[in-house]
Amino acid sequence: MFVSFGKFGKISYISETKVADFVRYLEEGKIMATRCSKCGKLYFPPRADCPDDLSTDMMWEEFSGRCKLLTYTTAHFAPTGFEDDVPYTIALAHCEEGVNAYALLSKDIKENEIYIDMDLQLTPLRLPNGKITYELKKA
Amino acid sequence: MRVAIVGVGQTPFSRNCGMSIRELCFEAFKDALEDINLTPKEIDASIICSAPEYDKQRSPAGLISEYLGLTPKSTFYAESICSSSSTGVKVGFSFIKSGLHDTVAVIGFQKMSEISSAEVQERMGRGADVQWESPFGTMMPAGYAMYARAHMQKYGTTEEQLAKVKVKSGKYSLLNPLAMYRRAVTLEECLNARAIATPLKLYDCCANADGASCVIMASEEKAKKITDTPVCVAGIGAASDTLSTTNRTNLTGLTCAIEAAKHAYKMARIEPKEVDVAEVHDCFTIAEIMAYENLGFCKPGEGGKLIEESQTYIGGKIPVNVDGGLLSKGHPIGATGGSQIRTIVLQLQGGAGKTQVDGAEVGLVHNIGGIGVYGNVTILRR
């Protein structure tokens, strides 16, 4: 079944990608990574192609989403389409599988509760406009 | 054969300059050719540099080459966002070094007020990885703010130290007639300014501007006939890092700058301590502090201390951004690298007026494209 990647994120800037199935899995509540069948390297966000050995033979793999906060910023100024959401906190977290995840921190986390190295959980999130994404929640 | 810079030029950086891009470029070009023995017809090739998302004109190189009277000589466009004109200088260097051309004009420009604020804001959102990061509403200040937060966490760098970079910038802006903001700013003003992307506040960020710059390069042999004060391009380093923030491994320094500096120092056969004056890419205050460290002016983590001790003022260990930097000059993307090179060339020629660093022999330019995506370091010698 064809899935448009246009469903990912509040605003999606692209619609076609070989990893569009990521959105279908997200709808099922799963956060998926890809693993290169040839060298075994894990990719998140998922990639369709492995640059290390030029392989395109990738397998989907469910991903724990358990991670720790590396760094963050609270944005008070936003690009087009996000103006009404400010302030929101953009974060980078390091997942136990060894890859990083870039996402917003859940609005449930108060600013004074945020600290670097805190435990977080990458979680699917349905947006009010019907689209789907993931966010970082308190673990 | 060595490669020299024989002329530099720049327009004032401003908002609503009242000129079209061709006229902005003409003004910088004319300024670069002033007082040197070279006419437009003697220039063998031109490299036109800007960030195309701000241009109304499709393929500006042809238009600008025509307006500057450079046809039928070779021209084309070079882009690495904020470091486009440093990339242009690297290409110009290669042209001359290879013997393909004797004289090359590198013209950088940006007219950011050409498009509406809404259009600018829309483009800002697309500076990150549009597939996996832009859907979260990110933009340039947020990217550098994440570096600032990590740097503060790891090294204890403070918001006061960040603010002190802007205080220095404000002080020197008063001496630069081409700067967009010519105003001294107090530490309190910086610290009390509204948040843009925490911990970065208004005065931690540079502003969009209109402007153009021009760097004329020539072979050593030609250079001697063009000017009595050529400046030698002693080292050029360029490197890249991932466009995405997700795949960065270093969050407290720009790997592309560290790599570029390594190449440039090796080529110039100098150590960081031999640099007399530097221009660094202070698009945000944290960027200047990381630049001190990434260029080897201090150890990793000691950048905050270096500004705290005023070591990057004139008279300090290494004067940095004595023209006010991007924070005060404004940042017309494609013109910025050429403007930084102009400042260093004037310093090495002894023509920097009230901001002259006495006896400057070696100067360095650090120009970064994107959030640490394209690193460019150029070392110049008298």
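The values are calculated or read from the model by the stated rules, or taken from the named source; none is laboratory data. For clarity, every value in this text was computed on a predicted model and none was experimentally measured. We place every Cβ from the backbone using ideal geometry, glycine too, and count neighbours over all the protein chains shown.
Working only within the stretch A:89-132, note down all residues that are in a strand (DSSP E or B) and small (Gly, Ala, Ser).
Result: A:ALA91, A:ALA93, A:ALA101, A:ALA103.
For the stretch B:328-339, a tally of residues being more than 25 Å from B:THR245 (Cβ to Cβ) and part of a helix (DSSP H, G or I) returns 5.
Of these, B:LYS154, B:LYS171, B:LYS166, which one is more than 30 Å from A:TYR13 (Cα to Cα) and within 13 Å of chain A (Cβ to nearest Cβ)?
B:LYS154
Picking from residues in the stretch B:244-259 that are away from chain A (no Cβ under 14 Å) and out of contact with any helix residue (DSSP H, G or I) (no Cβ under 6 Å at 6 or more places or on another chain), the one that is surrounded by the most Cβ atoms within 10 Å (Cβ to Cβ) is B:CYS256.
Which residue pairs have Cβ atoms closer than 6 Å, lie 6 or more positions apart in sequence or on different chains, and pair a first residue in the stretch B:196-208 that is closer than 18 Å to B:PRO332 by Cα with a second residue that is modelled with pLDDT of 95 or more and aromatic (Phe, Trp, Tyr)? Pairs found: B:ASP204/B:PHE284; B:CYS205/B:PHE284. Scanning the stretch B:350-382 for residues that are in a loop (DSSP other than H, G, I, E, B) and buried (at least 18 other Cβ atoms within 10 Å of the Cβ) gives B:ALA352, B:VAL357, B:ALA360, B:GLY370, B:ILE371, B:GLY372, B:VAL373, B:ARG382.
Is one or more of the residues making up the stretch A:78-88 among the polar types (S, T, N, Q), outside any loop (DSSP other than H, G, I, E, B), within 11 Å of another protein chain (Cβ to nearest Cβ) and closer than 30 Å to B:THR198 by Cα?
For the stretch A:78-88, residues among the polar types (S, T, N, Q), outside any loop (DSSP other than H, G, I, E, B), within 11 Å of another protein chain (Cβ to nearest Cβ) and closer than 30 Å to B:THR198 by Cα: absent.
When the strands (runs of 3 or more DSSP E) confined to the stretch B:3-110 are screened for residues that are surrounded by fewer than 22 Cβ atoms within 10 Å (Cβ to Cβ) and outside the structural domain of B:GLY334 (by TED's automatic domain parsing), those reaching at least 3 such residues are found at B:74-78.
Table: residues versus (1) surrounded by fewer than 18 Cβ atoms within 10 Å (Cβ to Cβ); (2) farther than 30 Å from B:SER134 by Cα.
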| residue | (1), (2) |
| --- | --- |
| B:LYS168 | no, yes |
| B:LYS171 | yes, yes |
| B:ILE196 | no, no |
| B:ILE216 | no, yes |
| B:ALA238 | no, no |
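Any chance the stretch B:281-292 includes a residue that's surrounded by fewer than 19 Cβ atoms within 10 Å (Cβ to Cβ), modelled with pLDDT of 95 or more and farther than 25 Å from A:LEU69 by Cβ? No, the stretch B:281-292 contains no residue that is surrounded by fewer than 19 Cβ atoms within 10 Å (Cβ to Cβ), modelled with pLDDT of 95 or more and farther than 25 Å from A:LEU69 by Cβ.
B:ALA184 satisfies every condition listed in (1) in a loop (DSSP other than H, G, I, E, B); (2) of a type in the set (Gly, Ala, Ser); (3) in contact (Cβ under 8 Å) with a residue 40 or more places away in the chain except (3). Consider the stretch B:116-145 and keep the residues that are in contact with a Leu (Cβ under 6 Å, 6 or more places away or on another chain) and of a type in the set (A, V, I, L, M, F, W, C). The one that is nearest to the other protein chains (Cβ to nearest Cβ) is B:ALA145. So for the stretch B:94-115 (the condition being more than 25 Å from B:ASN37 (Cα to Cα), of a type outside the set (Asp, Glu), within 14 Å of chain A (Cβ to nearest Cβ) and more than 20 Å from the chain's Cα centre (by Cα)), does at least one residue qualify? Yes, that holds for at least one residue.
Might you let me know whether the stretch B:118-130 holds any residue that is surrounded by fewer than 24 Cβ atoms within 10 Å (Cβ to Cβ), modelled with pLDDT of 95 or more and not assigned by TED's automatic domain parsing to the domain that holds B:THR39?
Scanning the stretch B:118-130 turns up at least one residue that is surrounded by fewer than 24 Cβ atoms within 10 Å (Cβ to Cβ), modelled with pLDDT of 95 or more and not assigned by TED's automatic domain parsing to the domain that holds B:THR39.
Summed over the stretch B:107-134, the residues that are among the β-branched types (Val, Ile, Thr) and in contact with a strand residue (DSSP E or B) (Cβ under 9 Å, 6 or more places away or on another chain) give a count of 2.
Residues in the stretch A:120-127: is at least one facing chain B (nearest Cβ under 9 Å) and not hydroxyl-bearing (Ser, Thr, Tyr)?
no
Considered as a group, the residues in the stretch A:89-117 that are touching a strand residue (DSSP E or B) at 6+ places or on another chain (Cβ under 8 Å) and more than 12 Å from chain B (Cβ to nearest Cβ) include one that is surrounded by the most Cβ atoms within 10 Å (Cβ to Cβ), and that residue is A:ILE109. Please specify each residue of the stretch A:48-77 satisfying the condition of being within 10 Å of chain B (Cβ to nearest Cβ) and part of a loop (DSSP other than H, G, I, E, B). A:HIS76, A:PHE77, listed by residue number.
Answer yes or no: is there a residue in the stretch B:65-76 that is more than 9 Å from chain A (Cβ to nearest Cβ), touching a Phe, Trp or Tyr at 6+ places or on another chain (Cβ under 6 Å), of a type outside the set (Ser, Thr, Tyr) and within 30 Å of B:CYS232 (Cα to Cα). Yes: one or more hits. Scanning the stretch B:215-260 for residues that are basic (Lys, Arg) and either in a loop (DSSP other than H, G, I, E, B) or closer than 15 Å to B:GLY369 by Cβ (or both) returns a single hit, B:ARG248.
I'm trying to understand the selection: among the residues of the stretch A:23-50, which are within 17 Å of A:GLU96 (Cβ to Cβ) and among the aliphatic types (A, V, I, L, M)? Hits for the stretch A:23-50 are A:ILE31, A:MET32, A:ALA33, A:LEU42.
The residues of the stretch A:22-47 that are within 14 Å of chain B (Cβ to nearest Cβ) and outside any loop (DSSP other than H, G, I, E, B), listed by number, are A:PHE22, A:VAL23, A:LEU26, A:MET32, A:ALA33, A:THR34, A:LEU42, A:TYR43.
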